[in-house]
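Since the structure comes first, as structure tokens, the remarks are kept for the end.
The values are calculated or read from the model by the stated rules, or taken from the named source; none is laboratory data. Model, not experiment: these values are computed from the prediction. Here Cβ is always computed from backbone atoms with ideal geometry, including for glycine, and neighbour counts include all displayed protein chains. These accessible areas exclude ligands, DNA and RNA; they are computed on the full protein's heavy atoms, side chains included. Shrake-Rupley method; radii C 1.70, N 1.55, O 1.52, S 1.80 Å.
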Amino acid sequence: MKTLGLIAAGILLSAAAFAQTTTPAPTKTPAEKVQMKDLRQDVRAYDNKKADAKQAIKKGNLTAADADIAAAKTDKADIKADKQTLKSEGIAHPVKTAEKQIKKSDEKAVKTDVKDIKADKVAEQKAVKAGDITAAQADQKDVATAKKDLKKDAREARRDGVKHPIRRAKA
């Protein structure tokens, strides 16, 4: 019974000791950061070329679709090469990581556009209440340009795999 108690105490103490030690977070070297940026650009280019090919097929322009598909294949080869180099440097799942980073930046861009629209609408309402017509018209133009930016960013986000980017930004 005494030995069983000593073993249990030893296990508890060793578990407590292991729980206190922290593993250092892996730091990325500047070369890895540059390679991840290149991978993100390749993934975006691949997504854009696929979407362009789909649009060209819908319009019936098969020569443009073939050119877009060929460009997408070269982008896919670049993605595979970048993936292999990043894996050899110790980054786990580099393509999934890049896709998550892309989606995160797309959502951030949409959220900032939504905030800009809201701020411009508030400024427009204040200008109308104050009776300043020129400022209200300028704010209306700002709202229109912000809406165009929002549409562009939402389209890019959908291309990169974010579902309902505007709804997600409002929440």
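Quick notes on this structure:
- Only one of (i) 46, 31, 14; (ii) 35, 15, 11; (iii) 24, 18, 15 was calculated from the structure for semi-axes √(5λ) of the Cα gyration tensor in Å, and its label is (i).
- Violating pairs (Cα-Cα greater than 23 angstrom) within the set K83/K152; K54/K163; K33/K104; K49/K111; K108/K152: K83/K152; K49/K111
- For the chain, no complete DSSP H run has alpha carbons reaching 30 Å or more along its own long axis together with a mean Kyte-Doolittle score of 1.6 or higher.
- A 1.4 Å probe run over the protein chains yields, for the stretch 26-76, 67 Å² of accessible area per residue, whole-number rounding.
- Annotation for the stretch 91-124 versus the stretch 49-70: alpha-carbon center distance of 28 Å.
- Of K80/K147; K73/K148; K80/K103, pairs whose Cα-Cα distance is over 27 Å: K80/K147; K73/K148
- Highest average first, the peptides 53-62, 149-158 ordered by how many other beta carbon atoms sit within 10 Å of their residues are 149-158, 53-62.
- Spatially proximal lysines relative to K129 (Cα-Cα < 22 Å; intrachain offsets below 8 disregarded): K115, K118, K121, K141
- Relative contact order of the stretch 29-92, taken over Cα pairs closer than 8 Å and 6 or more residues apart, is 43 percent.
- Structural descriptor for the chain: relative contact order 21 percent, calculated from alpha carbon pairs under 8 angstrom and at least 6 residues apart.
- Apportionment of accessible area to carbon and sulfur, the stretch 96-165, percent (1.4 Å): 52 percent
- Using the Cβ-Cβ distance between K148 and K118 with R0 = 22 Å, the FRET efficiency computed as 1/(1 + (r/R0)^6) comes to roughly 0.90.
- Calculated mean residue ellipticity at 222 nm for the chain: -30000 deg cm²/dmol, from DSSP H runs with n ≥ 4 weighted as -39500 (n - 2.57), summed, divided by the residue count and rounded to 500.
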